Amino acid sequence: MRSPIPDYLAEALSSVEADQSGATADYIPELASADPNRLAAALCTEDGRLYSQGDVDAAFSIQSISKPFVYALALADRGFDEVLAKVSVEPSGDAFNDLSLEPETGRPLNPMINAGAITTHTLAGPRGATPQERGDRIIDGLSAFAGRRLEVDDAVFSSEISTAYRNRALANLLRANDIIEEDPLVAVSGYTRQCSLLVTVEDLALMAATLANRGVNPRTGRPVVPAAVVRQTLSVMATCGMYDGAGDWMTRVGIPAKSGVAGGLIGALPGQAGIATFSPRLDVRGNSVRGVALFERFTSDMGMHLMEVPPPGPSVVRSRRVFGHGRLAVEVVSLQGSIRFAGAERVLRDLEETPPTQKRFAISLIRVGSIGDVARRMLLEAIARLTLDGHDLYLIDPDGVLPDPDPGDGGRVTVVGRREDIVG
Ligand code: GLU
């Protein structure tokens, strides 16, 4: 069978193609002359399958889409405390190049506006790195997100730096407030180079998929940043990624996202997929007109809104039955699905309301796909308490979905691969 997903993407592109509204960014001369008709979309699943349609080979500068990735590198390299001391995480409600600094501290309001992004640019790499070393760290890091070597577009860089009066002004103010510690012109030059990295819509989908996949590039298998950094980065994208349109975006589309003035737009749906679009004409907020329209379609067609509550699945407690007779009888509670806090609570409640009827009691995880950390600890606590109540506990866990099954003080559990191993 040929997958219908490419056909769906092609159909989505043709549904927005006629929209010629908006304009290419004109404050960077090289972008003003870009072909405004280009249009592409790509989707990469969290296990690395890439679908794309349209002008997939068109390369364009990453611009502000570099911001969340460089923020992630800064968090990974310097730690949360150092980065948060310099850049806050509050939506500004202002345009991307506004001077939005916190009144008391002088910190930029968030890392998605230029003032914050120039600051996080200076925080990538180890403390004391030279501008050259830091630039290399950023190119290497963004390349690891993309899974291939990215290159700077020198024409875009020269064009933007020749008119970067506003970013220089921002950097000078940041330096005056001791938010950045180095020469403001060096910081702006490095930041502008970062924004001039060339990407395709497929690169962007893969970069977003790396965020969706807890920081591991799903194609190369390479861990790029830790999961805690991804959580912070996606949270900031969700609240600040679409500039002054962030609230509107979160309610209508509901996918953590970031746009760039060259016309790129990414969205990362945790645990599912990275999505990217490319269309250079921008709306008044600086977001790609047809990119926003495509994301609105994707979210409603594919149910991608992060706040959409999934319908209840089957009960996590699938069955409870006694096998065997006499002293060798064993009661087996069979669990199913993916167990997180609410599922584990259901299991504990079941055991509280209906205590085990046999001395030998087994929890079968054969039909369980995954167990979150808190659910794991809750189940182990149940095992410890049942041991103290005088039961002999077994875990039927052939695939090891419950790692390190140590119930702690007083608890004891025997792990087996099949129910037959314990039924007398
Ligand atoms: N390099 C651009 C700037 O700083 C990025 C802005 C954007 O993509 O929104 O002006």
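Derivation of every value follows stated rules applied to the coordinates shown; laboratory data play no part. Values in this document were obtained by computation on a predicted structure and should not be read as measured data. Note that we place each Cβ from the backbone using ideal geometry, even for glycine, and neighbour counts take in every protein chain shown.
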Toward the positive end of the charge dipole of segment 1-117, about the Cα centre and with charges on Cβ (Lys, Arg +1; Asp, Glu -1), which of Ala12, Val70, Leu39 goes farthest?
Val70
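May I ask for the net charge around Leu206, where only other residues with Cβ less than 10 Å from the Cβ of Leu206 are counted and Lys, Arg are +1 while Asp, Glu are -1? Could you put the intermediate results ahead of the total?
Details: positive: Arg148, Arg219; negative: Glu202, Asp203.
Value of the local net charge: 0.
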Karplus couplings for segment 154-166 from phi (6.51 cos²θ - 1.76 cosθ + 1.60, θ = phi - 60°), rounded to Hz, Gly and Pro as x?
5, 5, 5, 4, 4, 5, 6, 5, 5, 10, 7, 5, 5
Is segment 119-168 rounded, prolate or oblate when judged by the Cα gyration tensor, a ≥ b ≥ c being the square roots of its eigenvalues, rounded requiring a/c under 1.5 and prolate requiring a/b larger than b/c?
oblate
Could you work out how far helix 289-302 tilts from the main Cα principal axis of the chain, as a 0 to 90 degree angle to the nearest 10?
10
If I histogram all Cα-Cα distances within the chain using bins 20 Å wide from 0, what percent of pairs lands in each bin?
25, 44, 24, 7, 0
Suppose we take every Cα in segment 202-337 and form the convex hull; what volume per residue is that in Å³?
151
State, to one decimal in nm, how far the label point of Val186 lies from the label point of Thr105, with both points 7 Å from Cα in the Cβ direction.
2.5
Please state the charge dipole magnitude for segment 332-409, taken about the Cα centre, from unit charges on C-beta atoms (+1 on K and R, -1 on D and E), reported in debye and rounded to the nearest 20.
220
Helix 201-212 axis, angle to the chain major axis (alpha carbon atoms, nearest 10°):
40
Footprinting proxy, Ser14, Ser92: sorted fewest to most Cβ within 10 Å, the residues are Ser14, Ser92
How are the alpha carbon pair distances in segment 1-105 distributed across 5 Å bins from zero to the largest one, expressed in percent?
2, 8, 12, 15, 15, 14, 14, 11, 6, 2, 0, 0, 0
Cα to Cα, under 27 Å, and not fewer than 8 places away if on the same chain: which lysines meet these conditions relative to Lys67?
Lys86, Lys258
Grab the other residues whose beta carbon is less than 13 angstrom from that of Phe157, score K and R as +1, D and E as -1, and report the net.
-4
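If packing is taken as the mean number of other Cβ atoms within 10 Å per residue, what is the order of 124-135, 328-339, highest first?
Values: 124-135: 15.3, 328-339: 18.8.
Output ranking for 124-135, 328-339: 328-339, 124-135.
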So, how do all the Cα-to-Cα distances of segment 265-400 break down into 5 Å bins, in percent, from 0 on up?
2, 8, 15, 16, 12, 8, 7, 7, 7, 6, 5, 4, 2, 1, 0, 0
Scattering curve values for segment 129-287, log₁₀ I(q)/I(0), Debye with Cα scatterers, q = 0.08, 0.10, 0.18, 0.19 Å⁻¹
-0.25, -0.39, -1.29, -1.38
Given H placed 1.01 Å from N in the peptide plane, which residues other than close sequence neighbours of Ala262 have an amide H under 5 Å from its amide H?
Ser64
On C-alpha positions alone, give me the angle between the axis of helix 5-16 and the longest principal axis of the chain, in degrees, nearest 10.
40
Share of antiparallel DSSP beta bridges in the chain, in percent to the nearest 5?
65
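Projected area of segment 326-424, taken from the Cα convex hull and averaged over every viewing direction, in nm²? Please report the intermediate quantities before stating the final value.
On the way: hull surface 22.5 nm².
Averaged projected area of segment 326-424's Cα convex hull equals 5.6 nm².
Averaging sequence separations of C-alpha pairs under 8 Å and six or more residues apart, then dividing by the length of the chain, give the relative contact order as a whole percent.
Values: 878 pairs, mean separation 67.9, N = 424.
Computed value for the chain: 16 percent relative contact order.
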What is the distance, in nm, between label points placed 7 Å from the Cα along the Cα-to-Cβ direction at Asp409 and at Asp136?
5.2
Built amide H within the under 5 Å cut-off of Arg367, gap 5+:
Leu335
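Just want the ordering: Val253, Val401, Val416, from fewest to most Cβ atoms lying within 10 Å of their own Cβ. Show your work: numbers first, answer last.
Working: Val253 21, Val401 18, Val416 15.
Result, fewest neighbours first: Val416, Val401, Val253.
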Per residue, how big is the convex hull around the C-alpha atoms of segment 56-208? Give it to me in cubic angstrom, could you?
107
Fewest first, what order do Lys359, Lys86 take by the number of other Cβ atoms within 10 Å?
Lys359, Lys86
Over segment 156-237: Kirkwood hydrodynamic radius from C-alpha pairwise inverse distances, Å:
14.9
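Using +1 on the beta carbon of Lys and Arg, -1 on that of Asp and Glu, and nothing else charged, what's the dipole of the chain about the Cα centre, debye to 20? Provide the component values of the computation, followed by the final result.
Numbers: 42 positive and 54 negative charges, 268 e Å.
Computed about the Cα centre, the dipole is about 1280 debye.
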